[in-house]
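Student: There's a structure below that I have some questions on.
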Amino acid sequence: MSKPDERADRPLGVETRLVTSGRDTIAQKGFVNPPVVHGSTVLYPSAEDLLAHRGEYTYGRTGTPTTRALQDALIALEGPQCAGVGIAPSGVSAISTTLLAVLKSGDHILVCDNAYRPTRNFCNDMLKRYGVETTYFDPMIGKGIAEFFQPSTRAVIVEAPGSQSFEMPDIPAIAAIAHERGALVIDDNTWATALYHRSLDQGVDISIQAATKYIGGHSDIMFGTIAANEKAWPQLAQAIRLLGVCAGPDDVFLALRGLRTLSVRLAHHQRSALEMAQWLAQRPEILRVLHPGLETDPGHAIWKRDFTGSSGLFGVVLKPAPERAVHALLNTLTLFGMGYSWGGFESLVIPFDCSGYRTATKWAPGGPTLRFHIGLESVDDLKADLATGFAAFNAAC
Ligand SMILES: *Cc1c(COP(=O)(O)O)cnc(C)c1O
């Protein structure tokens, strides 16, 4: 079987590349998948090779046939701007590694106010201790971000949409200004993945994914990926080396296995989540649905311009109600599990409140807020489960 890339007379579709990349049938002795290489020591055939660190693989921490296969597949997913992908033992590790790679004492960083909370914690705690100053900005600021730059601003962090509040920053507008000012743009692309948002093609220099979510897809691994363009990759590769960031082989294998079916899973999450979001928007208990894929959402125009799809995660604002009613709703559900994280095959729900940690913007949605992850169950079953929950909610109001 010849390699598909060599035969193609036109670029392969991203779904095809997700299936074909990172597979070397001969090296895999005919098997479809690479072996799970558990390894630290790599033996060299001669003293000369050993002393020169000469060989395809040199040490377990710096790469194995399993990690190489995953990285090749991730590069194919991230697109032509991607110069390299680092892998990390969690999404937070991907974020902290990236920030340590690009910042130094005395620098300033701009962070979107809807950023993942542990990202903020890293900035407010460790970066602060290392002499890096953080300024938060309104996710909807667009070109207005220009006034927040200082001579020492080295990077801007965006998240589109924020994984709790779902505002949609204008990444190309922010990136254009950041680049004029010599700053790098870092995108937490976990919600859409590179399948539905090609952030590196839109001016982002470093695109991070908590692969714990959709790439893994089965709620069974912790994993992170850091994709970077030509400009940012050398710094990142060096930081990954210096910090000794690597991931366990079984998780690397599961990330690769998840990647192979990402396109079908995400299409299903997208379809079901949109249907559930539309259904919820009609419910009398709901004030507003926070989902950029809905035409009524303030981020819809940007989403439509910059994204090719949406995923399974969105929020709702309930009509004002006592806490006991919200708890009655949550405690009645049987198909929606209550737990942190998302991106697996199962539906989830959590109450959330951003008001305690936002600093650049005020979070006052007008009622209690819930975040849903729509899994791969039948939407009719999910609607029936929620209808039972709403009955309990209404009874407790
Ligand atoms: C979950 C998540 C992370 C962190 O990933 P972990 O693997 O849990 O460390 C980062 N960003 C976003 C948007 C997330 O949802």
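The values are calculated or read from the model by the stated rules, or taken from the named source; none is laboratory data. Please read these numbers as outputs of a predicted model, since none were measured by experiment. When we count neighbours, we look across all protein chains shown, and the Cβ atoms used for this are built from the backbone with ideal geometry, even at glycine. Just the protein is used for accessible areas: all its heavy atoms, side chains included, with ligands, DNA and RNA removed. Shrake-Rupley method; radii C 1.70, N 1.55, O 1.52, S 1.80 Å.
Student: Before anything else, pin down the relative contact order of the chain: Cα pairs under 8 Å, at least 6 apart, normalised by residue count, whole percent.
Tutor: 16
Student: Take the alpha-carbon centre of the stretch 249-277, take the same for the stretch 57-111, and report the distance between them in whole Å.
Tutor: 21
Student: Can you find, among Thr20, Ile186, Gly293, the residue farthest towards the positive end of the dipole of the chain? Put +1 on the C-beta of Lys and Arg, -1 on that of Asp and Glu.
Tutor: Ile186
Student: Follow-up. Accessible area, 1.4 Å probe, largest first: how do Leu100, Leu294 sort?
Tutor: Result, largest first: Leu100, Leu294.
Student: To the nearest 20 debye, what charge dipole does the stretch 159-202 have about its Cα centre, counting +1 at the Cβ of each Lys and Arg and -1 at the Cβ of each Asp and Glu?
Tutor: Here the stretch 159-202 has a charge dipole of around 80 debye.
Student: Treating the beta-carbon of each Lys and Arg as +1 and of each Asp and Glu as -1, no other charges, what is the dipole magnitude of the stretch 1-159 about its Cα centre, to the nearest 20 debye?
Tutor: 220
Student: Oh, and also: If you count only protein heavy atoms and use a 1.4 Å probe, how large is the accessible surface of Cys397, to the nearest 10 Å²?
Tutor: Cys397 has an accessible surface of roughly 80 Å² with all protein chains in place.
Student: List the chymotrypsin sites (Phe, Trp or Tyr not before Pro) in the stretch 317-387 that DSSP assigns to loop (not H, G, I, E or B) and whose Cβ has at most 12 other Cβ atoms within 10 Å. Which are they?
Tutor: Answer in residue order: Tyr340.
Student: Over the Cα atoms of the chain, how large are the radius of gyration and the largest Cα-Cα distance (Dmax), in Å?
Tutor: 22.0, 78
Student: Kindly report the accessible area of the stretch 12-260 per residue (heavy atoms of protein chains, probe 1.4 Å, no ligands, DNA or RNA), in Å².
Tutor: 41
Student: Another question, then. Ignoring everything but the protein chains, give the 1.4 Å probe accessible area of Met140 in square angstrom, nearest 10.
Tutor: 90
Student: Here is a further query. Please give me the summed charge of the neighbours of Pro368: other residues whose Cβ is under 15 Å from its Cβ, Lys and Arg +1, Asp and Glu -1.
Tutor: Here the charged neighbours net out to +2.
Student: Which lysines, if any, have their Cα less than 18 Å from the Cα of Lys29, not counting same-chain residues under 8 positions apart?
Tutor: Lys3
Student: Semi-axes of the equivalent ellipsoid of the stretch 256-382: what are they in whole Å, largest first, if each equals the square root of 5 times a C-alpha gyration tensor eigenvalue? Numbers along the way, then the final one.
Tutor: Values: eigenvalues 112, 72, 42 Å².
Result for the stretch 256-382: semi-axes of 24, 19, 15 Å.
Student: Helix 65-78 against the longest principal axis of the chain: what's the angle in degrees, Cα atoms only, rounded to the nearest 10?
Tutor: Its long axis makes an angle of about 50 degrees.
Student: Of the cross-linked pairs Lys104/Lys304; Lys128/Lys304; Lys143/Lys319; Lys128/Lys319; Lys231/Lys304, which ones have a Cα-Cα span greater than 30 Å in the structure shown?
Tutor: Lys104/Lys304; Lys128/Lys304; Lys143/Lys319; Lys128/Lys319, as the Cα separations exceed 30 Å there.
Student: Another question, if that's okay. Taking the Cα centre as origin and putting +1 on Lys and Arg beta-carbons and -1 on Asp and Glu beta-carbons, what dipole magnitude results for the chain, to the nearest 20 debye?
Tutor: Dipole about the Cα centre, nearest 20: 220 debye.
Student: Using a probe of 1.4 angstrom, how much of the accessible area of the chain is carbon and sulfur, in percent?
Tutor: Whole-percent figure for carbon plus sulfur exposure: 55.
Student: Out of the trypsin sites (Lys or Arg not before Pro) in the stretch 1-101, which ones are loop residues according to DSSP with at most 14 other C-beta atoms within 10 Å? Intermediate values should be presented prior to the final figure.
Tutor: Numbers: sites: Arg7, Arg17, Arg23, Lys29, Arg54, Arg61, Arg68; in loops: Arg23, Lys29, Arg54.
Hits after loop and neighbour filter: Lys29, Arg54.
Student: Okay, next question. Find which of Trp279, Leu370, Gly337 sits farthest along the positive direction of the dipole of the stretch 263-396, computed with +1 on the beta-carbon of Lys and Arg, -1 on that of Asp and Glu, about the Cα centre.
Tutor: Value computed over the given set: Leu370.
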